[in-house]
1. Applying 1/(1 + (r/R0)^6) with R0 = 22 Å to the Cβ-Cβ distance of GLN418 and GLN301, what FRET efficiency is obtained, to the nearest 0.05?
2. Please give the peptides 571-583, 357-369 ranked by average Cβ packing (other Cβ atoms within 10 Å per residue), highest first, as a rough proxy for protection.
3. Cα centroids of segment 313-390 and segment 222-247: how far apart, whole angstrom?
4. Starting from the 7 Å offset along Cα-to-Cβ, what nm value, one decimal, do you get for the label separation of GLU571 and THR286?
5. If I model a spin label at VAL102 and ALA215 as a point 7 Å from the Cα along the Cα→Cβ vector, what separation in nanometres do I get?
6. Based on the mean of other beta carbon atoms within 10 Å per residue, what is the order of 75-84, 423-432, most packed first?
7. Output ³J(HN,Hα) for segment 286-299: one whole-Hz value per residue in order, computed from phi by the Karplus curve 6.51 cos²θ - 1.76 cosθ + 1.60 with θ = phi - 60°, and x for Gly and Pro.
8. When only C-alpha pairs under 8 Å and at least 6 residues apart count, what is the relative contact order of segment 183-286, in percent?
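Please treat every number below as a calculation from the coordinates, not as lab data. Computed from a predicted structure; not experimentally measured. For neighbour counting, all protein chains shown are included, and Cβ atoms are generated from backbone atoms with ideal geometry for every residue, glycine included.
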Amino acid sequence: MPVTLTPNAIAAINTGDVNLKPLLQVLDIRLIGKTQERGQERYRLLISDGVSAQHAMLAVQLNDRVKSGQVEKGSIVQLIDYICSDVKGRRLTIVLNMETIVPQSETIGNPTMSAESDTEFQKPLPGPGNMHPPSRVGSVEQHSTNKAPPRGVNITPSVQPAYQPPPSYRNHGPIMKNEAPARIIPIAALNPYQGRWAIKARVTAKGDIRRYNNAKGDGKVFSFDLLDSDGGEIRITCFNAVVDRFYDVIEVGKVYLISKGSLKPAQKNFNHLKNEWEIFLESASTVELCPDEDGSIPRQQFSFRPIGDVEKAENNAILDIIGVVTSVNPSVPILRKNGMETYRRTLNLKDDSGKAVEVTLWGDFCNRDGRELEEMVGSAFYPVLAIKAGKVSDFSGKSVGTISSTQLFINPDFPEAQKLRNWFDHGGKDTASSSISRDNMPGGGSRNEIRKVVSQIKEEGLGRSDKPDWVTVKATIAFIKTDSFCYTACPLMIGDKQCNKKVTRTGTNMWLCDRCNQEFEECDYRYLLQVQIQDHTGMAWVTAFQESGEEIMGCPAKQLYTLKHVLQNDEEFAVIVRNRLFHQYMLKLKIKEETYAEEHRLKMTVVKVDTVNYTSESRYLLNLLVGSLQVLLTGSKLETPTTAPMMTVRTTPPDAMLSKKFLREGEIPGPAASAISGMTIEAVRAAAESPVKALPNLILEALTSSLCVLPPGADMALDGFRGNGLKKVDERVWLSGVTNDIVEVQAMILRVLRSLVL
């Protein structure tokens, strides 16, 4: 059955009809190279309605149709989504979606190029019956300009017409511009090949004005996100003078008609929207507020993820989550690295995935939304909170934080919120949830805190992977280098951040910053400490910058600089430094291997300094001690380090017990020992040959700590564990084969350990 092409389709497309969905024939396909922005291939089609023909550009997402052979020369296709634009003075159709109706067909009709199409291809088109066989797209065309003509063929030389200069339009009066309003198109249809366009969309998020400094000088920028009735989203960015023009005009929730902007590839480092383009507004751009509310445009668009998925999300990922707020902490002031003060508030969110996550509110979110949430939870009402565009952080466990484009919705009227509310009110409140974030444990430290000793840094090869390692060590300050403990820093502000680059003295007794290219009378002094730390396993060198340096030294860097270099009071300077030695701290370290002059060096930077909380630290050591003894005495490990259930009854003495027994008595294990213990003869002999020499260092450290008071009987048990001789208590441990004695000794040891920390 012959296929009839849509009559006058080319003319209708040129007039702006985008709802026709015409049937057209593909007469030619050409690979025109790759786009400069993304290196993607682009194909140009020659389409025909049987009478007229015009060139069309295929959207890159349809390239597979050509490569797979679904669309080739002669194919009959139906255009589903398309637009027509002026590109360099010619009409060009952009095909966004199409369907193949007939894979191959002879040329239909006798089409001629449209008058509004590209003049470069104004040549005879293939007629009926003489269409060349379909060729592979992208193949190299064979040119015959340098080939000799076949024999017997007379070649009549063509006469080249005389050169005629192009027509001159001078003095013919002004050229009339097209002042017709631009046609509104969906956001999803925007592309750089369009000349005139307009979009109608709602502002869903608006960022703050940010200031920056680069090689071109100082500047400012802000951006906002748009959502249209088709669900398309795009970000708009404004710089410098355009910021002053549009920042106060844009309001979240309002609908605007925007045109005359330029499209550029989206910078995915700063743009989380699912659009490969973003719009940059210019001086000629227009932004008009639509006074009438458009109900077809949603107020917000969410893509909620279960809290359980946050645990698998990459660091710095942007996502939407929803959950029930179970607790809210007070707002606390935080001093940023640039010297500016901000506020931080944390809360806990749980959902029906069985997981909970910590959410950090920054800046205005603390006082605006955070206070409202705190009052609700304080009154025993647990609200549902939806977070749009939260940022995932994997620092000490997964958490979600707010950024400038984040939006919070308290008790929203969403189906997801109603589902969560129903779940929470009907049993979800009492359902246990596993936190994927840092939770302070009763024993001190955090759930995801990685505790190490100094020797483990080298033994485990920390810092040698692609990403740095973050660990916490309890160590003592053993030595501080004082020859260069600080540097002179630039005090100038760049936007809301301080420069902090190193400055030098000039001949005019001024300080010069090469980055800011400015001179000033006074500079800042910032710590750059080289510190040697030490614990019971070894020592290492670490670097401490400003905030960490002040915690270690106990005074500002300027005070020490003045003592040493201005007042030259070396005695008082030395006293201050000596007084800071041999103090014990909890040091959070960032460990990363770096390369200097082709030499690999392990750099350890102190990112946080805390004084040791001896109560929490003792409980932490006790938890480890109880867990280790559980393994030694029963062969099983505790489920959690904070709960230590009583020992289960065990009739088989551990390998270590049998080993001690046979070594003390000088006996060779035999079948009798195997029968008594319930172990095979091979296991008994292996236990005797490889006895447990001593408990781990950490356990002995906790037992011998000066902070621990040993009750009566504990010293005998400790001597027995150390192997210093068989006292009365360990005699019962190592020699008894009676089940009741073993259980009694196990219970006694646990009671002793739990009473160590007063």
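1. Calculated transfer efficiency: 0.75.
2. 357-369, 571-583
3. Measuring centre to centre over Cα atoms gives 26 Å.
4. The two pseudo-label positions are separated by 8.2 nm.
5. That separation, rounded to one decimal, is 5.8 nm.
6. 75-84, 423-432
7. Running phi through 6.51 cos²θ - 1.76 cosθ + 1.60 with θ = phi - 60° gives 10, 10, 10, 6, 8, x, 8, 5, 9, x, 6, 9, x, 6 Hz.
8. 29 percent
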